[in-house]
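Everything on this sheet refers to the single structure shown next.
The values are calculated or read from the model by the stated rules, or taken from the named source; none is laboratory data. This one's a predicted model, so the numbers in the text were calculated from it and none came from an experiment. Here Cβ is always computed from backbone atoms with ideal geometry, including for glycine, and neighbour counts include all displayed protein chains.
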Amino acid sequence: MNRDRFSGNTSKIIRNAYEYAVKLDTGYVGSEHILYCIAGAGKSAAKTALYKAGVDAAMIDDLIKRYSKTPGEGSVLTITLTPEADRVMELAEAQADKLHHEMVEPEHILLGMLQEKGCAAAKLILSTGAEPDAMVTDLLKTMGEIWPQAHRTGNNKNIMTRMCFALLNFSVPRQKTRRS
């Protein structure tokens, strides 16, 4: 994960996620904390996609508090991203690369969360009844991605869904790699 590629919005979201995790005394920063901060952040396509899906910061906060693990022993000095949250951030960077974007934005993080279906954030999104396929489609459209004409005019939802997830489902190594 190359933090130098984080946009100002992304850096602020990650910083706020650390503060939120400290406030909750979890001892870790998970994808759910990052999701909460995306939903509560200023204007972004990611926040809009969550809102359109019926997901907001208050709902996520309630779910986190309802389902969170026992408070941790972590301190501000030792609190770190969970391996799952780190994986989401790696996927976010890969999403930015795949879309040929220089900076990692909150939208890329949300795409990474939706790609990493087993992460806490994806589970929270699913628990609200939101449709991940529709969120991906809406998010990519909001980001200005151009869809091939054959897929835009078809009324087959499965074609659009397959195309959205084809964009997302590319091979990304699970271990950290150094950039040349």
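Taking residues in the range 121-138 that are within 9 Å of residue 53 (Cα to Cα), and partners anywhere that are assigned to a helix (DSSP H, G or I) and of a type in the set (Ser, Thr, Tyr), the pairs with Cβ atoms closer than 9 Å and at least 6 places apart or on different chains are 134/161. Checking each residue in the range 18-41 for being small (Gly, Ala, Ser) and within 16 Å of residue 112 (Cα to Cα) picks out 30, 31, 39. Tell me, please, whether a residue that is under 13 Å from the mean Cα position of the chain (by Cα) and assigned to a loop (DSSP other than H, G, I, E, B) can be found in the range 17-28. Looking through the range 17-28, none of the residues is under 13 Å from the mean Cα position of the chain (by Cα) and assigned to a loop (DSSP other than H, G, I, E, B). Please determine, by comparing only the residues of the range 1-43 that are touching a strand residue (DSSP E or B) at 6+ places or on another chain (Cβ under 7 Å) and polar (S, T, N, Q), which one is surrounded by the fewest Cβ atoms within 10 Å (Cβ to Cβ). Filtering first and then ranking leaves 7. One residue stands out among those in the range 1-16 that are part of a loop (DSSP other than H, G, I, E, B) and within 15 Å of the chain's Cα centre (by Cα): the one that is nearest to residue 112 (Cα to Cα), which is 1. Put simply, of 128, 153 the only residue that is of a type outside the set (Lys, Arg), loosely packed, with under 13 Cβ neighbours inside 10 Å and either modelled with pLDDT of 50 or more or farther than 23 Å from residue 60 by Cβ (or both) is 153. Selection over the range 94-114 of residues that are over 8 Å from the mean Cα position of the chain (by Cα) and among the aliphatic types (A, V, I, L, M) gives a count of 5.
Applying the condition of being crowded, with 20+ Cβ neighbours inside 10 Å and among the small types (Gly, Ala, Ser) to the range 44-63 and asking which residue is nearest to residue 7 (Cα to Cα) yields 44.
Taking (1) more than 14 Å from the chain's Cα centre (by Cα); (2) outside any loop (DSSP other than H, G, I, E, B); (3) in contact (Cβ under 8 Å) with a residue 40 or more places away in the chain; (4) surrounded by fewer than 19 Cβ atoms within 10 Å (Cβ to Cβ) in turn, residue 66 satisfies each apart from (3). For the criterion of being closer than 18 Å to residue 9 by Cα and modelled with pLDDT of 90 or more, residue 61 fails.
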